[in-house]
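K.L.:
Got a structure for you, questions after.
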Amino acid sequence: MVNSDRRADCTAARRPTGAAALTTSYTKSAPGCCRKARRDCNVHDAHLAFPRVIWLSRGGKLASFCRVLLVALAWSVAAVSWAQSDAQIVAQGESLVRAGRYAEAYKLLEPHEDRLAGDLKFDYLLGRSALESGQPSKASFIYERILAVEPNFVGVRREMGWAYLALGDFARAKLEFETVLRFDNLPPDLRQQAQIYGNAADQYLAGKRTVGFAYLEFGYGYDTNPQSATRISEVTLAGGGTLLLPQSALARGDQYSAFTAGGELIHALTDRVSIFAGGEARARLFRDLDIAEFGTVDLRAGLGYSEGAHNVRFALTGGRFWLDDTKARDSAGGTLDYRYLAGKLDQITLGLSASRNKFIPDALVVNSYDLAQASAGWLHAAADGKGAAGLTLLAGSEMATEGRVDGDKPFVGLRIILQRTFANNIGAFVSAGLLYGEYSEVNPLFGTERADTMGDVTLGVSWSFAKGWSLRPQVTYMENDSNQSLYKYDRTDVTLNLRLDI
């Protein structure tokens, strides 16, 4: 009886109530129990309480698990809903861009940039809508973000060029365009070059797979020495002899009219592979010196490949040269040209070319030669994209094929180009070159191996006075220094050119 009462007291003293029942252990004894009674209580309560402890413990874990499960489920539903919302925003933005509603697309997408930046599709749509809605600076920033992740995104490079062009950053626009597009014989003005590329990029954006450009040019000028003839009337020969040259063989100047037409087409087979074809025809007619009149036709066709900052073109070339209405020379060969965009401001160029040059008249056929040449160039954008500076080094050889008396001619040279846009429609340029060649055979007439150093410099200004139209005054000075006096000459060519780019 005593034990039963004590057990009841112990049980009552030890039993937690309320919230404490979830955390208090039932093995703890009440202070009022005697040692024996406590032992009896413990044995008794251990039997009675164990099932309840297990039940409460399992119930607590189950409740916690259910809460975690419900929270996880809620977050999963929210995440799916959020993802669906983001996908809907991108899809809606794409529909607006495809419909040409760029301002609406930008207004839709821009508020979500902090969250979705880094998604290539979102970034492209945002950049395109920014560009087309008159925000080229924002577009260029977004395109840079895309290219940092995916440098081979060809379409973005094309549009990056357009963004730079809209910002008046002509040099960097040209560099970006030339990783995708490549045209030969562009005008010397940097702004006009970028605009021609921009027009072609516009055609690409409009969905055209074939793009191109064409131009017509008329020039009127004066050349002090169109025949590149010496001014020395008495030429010293081997052994001390003297050769007297007639007046007709000496330098003479004359006025001329010049005509040029050319262009190129590029057809995209894929985003990276293209085929192209182009050519130029030139003629210069003199007022009095019919003997100096000439004409040329040069054609090319080939295959191009672009990926990221890399652009490669291979072309087959052919041409004909007329002198005084007579077929004078035919040429045929090939070129391989590689350009690499090294950062935002610099372009590296490597080139190889080979051609066979055959003179047609019997009196000139001995001068025929094969030409092999390699070049390496660097172009740097400067003056916040308003200017550019370029340097090209070249080396090669003319290999005599028909017994040319002077033999082969190995040569080395360099060329420097400076371009600068001073106003929205006025640009200037400077081009200067130096070429040294030393022939392999002793010329019996002079008793020496001929060696020539030829230099030239051209200064010009281009004024774009209407869409596609430009006026270009320029002056060129050329001088050839030779150890054989017969081949020493200089000439100055002053011309005014009117050009139409189509």
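K.L.:
Would you be able to say whether some residue in the stretch 487-502 is open to solvent by 50 Å² or more (accessible area, probe 1.4 Å), touching a residue at least 40 places away in the same chain (Cβ under 8 Å) and closer than 28 Å to LEU244 by Cβ?
P.N.:
Yes, some residue in the stretch 487-502 is open to solvent by 50 Å² or more (accessible area, probe 1.4 Å), touching a residue at least 40 places away in the same chain (Cβ under 8 Å) and closer than 28 Å to LEU244 by Cβ.
K.L.:
Taking only the stretch 425-439 into account, find how many residues are touching a Leu at 6+ places or on another chain (Cβ under 7 Å) and either exposed (fewer than 15 other Cβ atoms within 10 Å of the Cβ) or at pLDDT below 95 (or both).
P.N.:
Qualifying residue count for the region: 1.
K.L.:
Within the stretch 264-289, restricting attention to residues that are of a type in the set (D, E, K, R) and at pLDDT 95 or above, which residue is nearest to ALA332 (Cα to Cα)?
P.N.:
By that ranking, first place goes to GLU280.
K.L.:
Let me ask something else. Somewhere in the stretch 285-303, is a residue more than 24 Å from THR495 (Cα to Cα), open to solvent by 50 Å² or more (accessible area, probe 1.4 Å) and assigned to a strand (DSSP E or B)?
P.N.:
yes
K.L.:
Would you say ALA363 is hydrophobic (A, V, I, L, M, F, W, C) and either assigned to a strand (DSSP E or B) or within 30 Å of GLY168 (Cβ to Cβ) (or both)?
P.N.:
no
K.L.:
Write out, first by first residue and then by second, each pair whose Cβ atoms fall under 9 Å of each other, whose residues are 6+ apart or on separate chains, and whose first residue, in the stretch 243-254, is surrounded by 16 or more Cβ atoms within 10 Å (Cβ to Cβ) and modelled with pLDDT of 95 or more while the second is charged (D, E, K, R) and part of a loop (DSSP other than H, G, I, E, B).
P.N.:
ALA251/ARG231; ARG252/ASP288; ASP254/ARG287; ASP254/ASP288
K.L.:
Is the stretch 234-242 home to any residue that is in a strand (DSSP E or B) and farther than 29 Å from PHE446 by Cβ?
P.N.:
no
K.L.:
Related question: Collect the residues in the stretch 335-352 that are open to solvent by less than 40 Å² (accessible area, probe 1.4 Å) and more than 22 Å from VAL154 (Cα to Cα), keeping them in residue-number order.
P.N.:
Within the stretch 335-352, just GLY351 meets the criteria.
K.L.:
Which ones in the stretch 336-352 are free of Cβ contacts under 8 Å to residues at least 24 places away in the same chain and in a strand (DSSP E or B)?
P.N.:
LEU352
K.L.:
Just name the residue that is nearest to LEU237 (Cα to Cα) out of those in the stretch 472-485 that are open to solvent by 50 Å² or more (accessible area, probe 1.4 Å) and out of contact with any Gly (no Cβ under 7 Å at 6 or more places or on another chain).
P.N.:
ASN483
Residue-by-condition table, conditions (1) crowded, with 17+ Cβ neighbours inside 10 Å; (2) without any contact (Cβ under 8 Å) to a residue 12 or more places away in the chain; (3) in contact with an Asp or Glu (Cβ under 6 Å, 6 or more places away or on another chain); (4) farther than 22 Å from THR179 by Cα:
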| residue | (1), (2), (3), (4) |
| --- | --- |
| SER368 | yes, no, yes, yes |
| LEU379 | yes, no, no, no |
| GLY387 | yes, no, no, no |
| ARG404 | yes, no, no, yes |
| PRO410 | no, no, no, yes |
| GLU441 | no, no, yes, yes |
| GLU449 | no, no, no, yes |
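K.L.:
A further question on this structure: Being in a helix (DSSP H, G or I), open to solvent by less than 10 Å² (accessible area, probe 1.4 Å) and within 26 Å of GLY390 (Cβ to Cβ) narrows it down to one residue among LEU109, LEU147, LEU175; which is it?
P.N.:
LEU175
K.L.:
Please determine, by comparing only the residues of the stretch 235-275 that are touching an Asp or Glu at 6+ places or on another chain (Cβ under 7 Å) and charged (D, E, K, R), which one is farthest from ASN311 (Cα to Cα).
P.N.:
ASP254
K.L.:
Here's another thing I want to ask about it. Out of all the residues in the stretch 449-486, which are under 24 Å from VAL405 (Cβ atoms) and either at pLDDT below 95 or of a type in the set (S, T, N, Q) (or both)?
P.N.:
Within the stretch 449-486, THR453, ASN480, SER482, ASN483, GLN484, SER485, LEU486 meet the criteria.
K.L.:
Could you list all residues from the stretch 444-494 that are in a strand (DSSP E or B), of a type in the set (Ser, Thr, Tyr) and farther than 24 Å from ALA194 by Cα?
P.N.:
Scanning the stretch 444-494 gives THR448, THR453, THR476, TYR477, SER482, TYR489, THR492.
K.L.:
Quick one: count up the residues across the stretch 191-224 that are open to solvent by 60 Å² or more (accessible area, probe 1.4 Å) and in a strand (DSSP E or B).
P.N.:
Looking only at that region, the number is 5.
The values are calculated or read from the model by the stated rules, or taken from the named source; none is laboratory data. For clarity, every value in this text was computed on a predicted model and none was experimentally measured. Please note: Cβ atoms are built from the backbone with ideal geometry, for glycine as well, and neighbour counts cover all protein chains shown. Note: accessible area is taken over every heavy atom of the protein model, side chains too, but ligands, DNA and RNA are not part of it. Shrake-Rupley method; radii C 1.70, N 1.55, O 1.52, S 1.80 Å.
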